[in-house]
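What follows draws every value from the coordinates through simple rules; no lab data is involved. Because the structure is predicted, anything quoted here is derived from the model rather than measured. For neighbour counting, all protein chains shown are included, and Cβ atoms are generated from backbone atoms with ideal geometry for every residue, glycine included.
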Amino acid sequence: MSEINKRKQRIIDATIEVLKEHPIEDLTMRNIANQAGLTTGAIYHHYKNKDELCFEVMKQSLHFSNNLYQAISNDQNKKNGKELLDQINNEVIKRLKKVEEQKIHVHFFSDMIKRKSSIKDKYHDNYETMLESVSNLLINAFELEDSDKKKEVATILVAAIDGMAMQQALGVLPKNMDKTIDVFVSFFNEGIPKYLKDH
């Protein structure tokens, strides 16, 4: 990782830590800088404003599929269905175990829904890209023929993950999520290929 990327990662990690303790409306470049051990100028060097930084936090921390799909697309040794499915499952499990980040995810959505700004359009476009990535990942992972239903299935899977974030934020899920996550992963691993094959 380059020095620039290390510094950006440090800023993103600091933003997540601040958001664990404070609502988005209390998030400032100054408290992020304090958490990161940097100056506010160093943060503005990489991000022109708080919205741009928050967008990067959301994209990196929660929308795993974009990076995963990009990595797989660029991989010269293409993974077979089983290897790819294992990788998707691992990424979904990691995402669902990030309990504090799941709460942040809910706060981001709430904040974005209220807005009328270009950043809301950016979130919209990123979400569309994520759904397309998940659609293609599912077809590849289950070694199925490309299906016109794949986008709907991907939408339901992502909605289920987002719904888990809402339940975690409300505190209705058990502290030990292992069993819940096992059921979640099994449900989609068994249900998706059956549905896509039958339709």
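What the table shows:
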{"item": "Residues being touching a residue at least 24 places away in the same chain (Cβ under 8 Å) and either surrounded by fewer than 14 Cβ atoms within 10 Å (Cβ to Cβ) or over 14 Å from I104 (Cβ atoms) (or both) - total across the range 38-61", "result": "7"}
{"item": "Which numbered condition S133 fails, given (1) without any contact (Cβ under 8 Å) to a residue 40 or more places away in the chain; (2) under 15 Å from the mean Cα position of the chain (by Cα)", "result": "(1)"}
{"item": "Search result, residues across the range 141-179 that are free of Cβ contacts under 8 Å to residues at least 12 places away in the same chain and polar (S, T, N, Q)", "result": "Q167, N176"}
{"item": "Residue that is in contact with a Lys or Arg (Cβ under 8 Å, 6 or more places away or on another chain) and of a type outside the set (D, E, K, R), where the choices are N126, N89", "result": "N126"}
{"item": "Candidate set: the range 148-199, residues that are surrounded by 12 or more Cβ atoms within 10 Å (Cβ to Cβ), of a type in the set (S, T, N, Q) and within 17 Å of I88 (Cβ to Cβ); chosen: the one nearest to the chain's Cα centre (by Cα)", "result": "T155"}
{"item": "Answer residue from the range 78-125, given it is more than 17 Å from the chain's Cα centre (by Cα) and not in a helix (DSSP H, G or I) and is surrounded by the fewest Cβ atoms within 10 Å (Cβ to Cβ) among those", "result": "K116"}
